[in-house]
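Scroll down for the structure; my scribbles are underneath it.
No value in this document is a laboratory result; all are computed from the given coordinates. None of these values were measured; they are calculated from a predicted model. So basically every Cβ, Gly included, is an ideal-geometry build from the backbone, and we count neighbours across all protein chains shown.
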Amino acid sequence: MHIITIGFHETHTRMPVHNDAHVELHYVIDGGGLFECRGVRTKVHPGHFFFVFPDESHRIIAAGDAGYIRQYIAGVAIDASEGELTRLLKRMRRKRFFQIGTNRRYLFETIRQNVNRAGYFKTSAELQLAAFLYEIAASRSASDEGDAAAAVEPALALMQSSIYGTVRLQELARASGFTREHFIRVFSKAIGYPPMKYVLMLKAEAAAGMLAGTTLPLESIAERLSFADASHLSRVFRQWKGMTPGAFRKASKTGV
C-alpha cells in the first residue's frame, strides 16, 4: 500500500462529481450530509468510514443543520503484488460503510504526519493504515494506544469542534487529563506542532474550505472563524498555505 495523500478536509457545499485514479478512504468526524456514488446517495455522519474506488464517480454534499462535513480523506494505491490486501478491499467493497466511532482522530493524524516524512516514518504510516483496514475488516475493537492517544484524542476533538469559536490551552489540557505543561509536551511530540499552533492550522483549513466552496468575503470568513480581523486571518492563512486567501480562492476556481 502506498499513501498518495491524506488530509483533514472541510466541505461546505456540493463538490463536483469526480473520479479518482486511486482508492479513496473517508473518515467523517463532524458535521453530516450525503455521500453520492454512481448516483446513489447515502447519509453519512460522524463515525462513518467508507471507501471510493477508481471506477466510481462520486461527490460529498454537506447538509443538515451544520452545513459542513469534516473528515480525513486518504488516497491510496495498491500494488498488484499485494494480493491479500487487494482481496481485502474487494471484500470490504461489498459493505462499503463502517461505523467506527469518532475516537480515531489520533490514528489518522499520526498517519498524516508520518506519511510526509522520509524513510521508516512513511513506511510506518502505510503499515498503520493497512493494519487499520485489517482491523476494520475483522470488526475488532481499537487497541489502547497509550498516553499519547489518551491526551491527544480528546484535545483533537475539542479543537475540531471549536474551529468557529475559541479554545484555551487550559481547556485542552483539562480535556486531556494532564497538566498544562505535560499536555504541551505530549501533544507537541505526538502531532509535531504545539497545541495552539495546531488550532490555527485547523482554522486555516476551514478557511480554505470556505474560500473554495462559498462566495463569502474574507471579512465574514474571519469573523466566523473568530479571528481578530481579515488581516489576522490572511497572515495565518499564508503561513500554512503558502499563498494569500485571494490567490487561493482564484486558484480553486480555475483548478490550478
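For this structure, a couple of remarks:
- Listed residue (A206, Q239, L158) projecting farthest to the positive dipole end of region 144-256, Cβ model: Q239
- Taking amide H as placed 1.01 Å from N in the peptide plane, the amide H of F178 sits under 5 Å from none that are at least 5 places away or on another chain.
- Cross-link partners of K43 among lysines, defined as those whose alpha carbon lies under 19 angstrom from its own and excluding same-chain residues fewer than eight positions apart: K95.
- Per-pair calculated FRET efficiency, R0 = 45 Å: L169 and R41 via Cβ, rounded to 0.05: 0.65
- Amide H contacts under 5 Å for M15: I60, A62, restricted to partners 5 or more places along the chain or on a different chain, H placed in the peptide plane at 1.01 Å from N.
- Residue-wise HN-Hα coupling along region 198-205, computed from phi with Karplus coefficients 6.51, -1.76, 1.60 (Hz; x: Gly, Pro): 5, 4, 5, 4, 4, 5, 5, 5
- For region 144-256: lysine pairs under 25 Å (alpha-carbon distance), excluding those fewer than 8 apart on one chain: 9
- Reference-scaled alpha-carbon Rg (2.2 N^0.38 Å with N residues) for the chain: 1.01
- Charges were assigned to the Cβ only: +1 to each Lys and Arg, -1 to each Asp and Glu. The resulting dipole of the chain about its Cα centre is roughly 320 debye.
- Taking 0.36 nm per residue of separation and subtracting the current Cα-Cα distance, fully stretching the chain between F98 and K189 would add 29.7 nm.
- Computed Kirkwood radius, in angstrom, where 1/r is averaged over Cα pairs of region 144-256: 14.9 Å
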